[in-house]
Amino acid sequence: MLRLIGNIIWFFVAGLPLALAYLLFGLIACIFIVTIPFGVASFRLAGYALWPFGRTLVTRPEAGAATTIANVVWFFVAGIWLCIAHIGLGIGLCVTLIGIPWGIQAFKMAGAALFPLGKEIVSVDRLDVATTPAAVRYGL
């Protein structure tokens, strides 16, 4: 129930503007055929930005060197700008004492905005039943 309330408040306070920013970058990336994977990652993060509580990002173990190179390109093209948006929003939310939980979520998502490729969004409930080796493999 708390996740639902947190997500509803997040949606109206921060989720919608952040998701629109991700959608804008995704549409721009999909204009060019070569950058469609960046658009897909941006659309995936747009959904995560709308409804983040109860979900988290984990690193996929099969992500390799190509993913690292793509993340470097993403960092300079869109990541830095989206990260600045998250940090600015997080600071604004943390100024009000009531907004601190949502500000912390914005700061967590700032790291994801920098390097989103090679990660997947999973439910926190799915991680609770994960065995220790799987959790260690995903870097938790």
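Below is a table of values for the structure above.
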{"item": "Only one of G79, G47, G90 that is of a type in the set (G, A, S) and surrounded by fewer than 17 Cβ atoms within 10 Å (Cβ to Cβ)", "result": "G47"}
{"item": "Scan of region 20-36 for residues that are loosely packed, with under 13 Cβ neighbours inside 10 Å and among the aromatic types (F, W, Y), ordered by number", "result": "F32"}
{"item": "Conditions (1) under 13 Å from the mean Cα position of the chain (by Cα); (2) hydrophobic (A, V, I, L, M, F, W, C); (3) not in a helix (DSSP H, G or I); number of the one not met by A63", "result": "(1)"}
{"item": "Within region 5-27, tally of residues that are free of Cβ contacts under 8 Å to residues at least 40 places away in the same chain and either charged (D, E, K, R) or more than 11 Å from A49 (Cβ to Cβ) (or both)", "result": "6"}
{"item": "Subset of region 54-66 (residues that are out of contact with any Pro (no Cβ under 9 Å at 6 or more places or on another chain) and surrounded by 17 or more Cβ atoms within 10 Å (Cβ to Cβ))", "result": "R55, T56, V58"}
{"item": "Residue under evaluation I9, criteria (1) open to solvent by less than 40 Å² (accessible area, probe 1.4 Å); (2) not in a loop (DSSP other than H, G, I, E, B), criterion not met", "result": "(1)"}
{"item": "Search result, residues across region 1-17 that are touching a Phe, Trp or Tyr at 6+ places or on another chain (Cβ under 8 Å) and closer than 18 Å to G92 by Cα", "result": "G6, N7, I9, W10, F11, V13, A14, G15"}
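A quick yes/no check of all residues on (1) touching a helix residue (DSSP H, G or I) at 6+ places or on another chain (Cβ under 7 Å); (2) among the hydrophobic types (A, V, I, L, M, F, W, C); (3) more than 29 Å from L4 (Cβ to Cβ); (4) in a helix (DSSP H, G or I):
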| site | (1), (2), (3), (4) |
| --- | --- |
| T56 | yes, no, no, no |
| C83 | yes, yes, no, yes |
| H86 | yes, no, no, yes |
| I104 | no, yes, no, yes |
| I121 | yes, yes, no, no |
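The values are calculated or read from the model by the stated rules, or taken from the named source; none is laboratory data. Just so it is clear, the structure is predicted and the values come from calculations on it, not from any experiment. Neighbour counts are summed over all protein chains in view; Cβ atoms, including those assigned to glycine, are modelled from backbone coordinates with ideal geometry. These area figures cover heavy atoms from the full protein model, side chains too; ligands, DNA and RNA do not enter into them. Shrake-Rupley method; radii C 1.70, N 1.55, O 1.52, S 1.80 Å.
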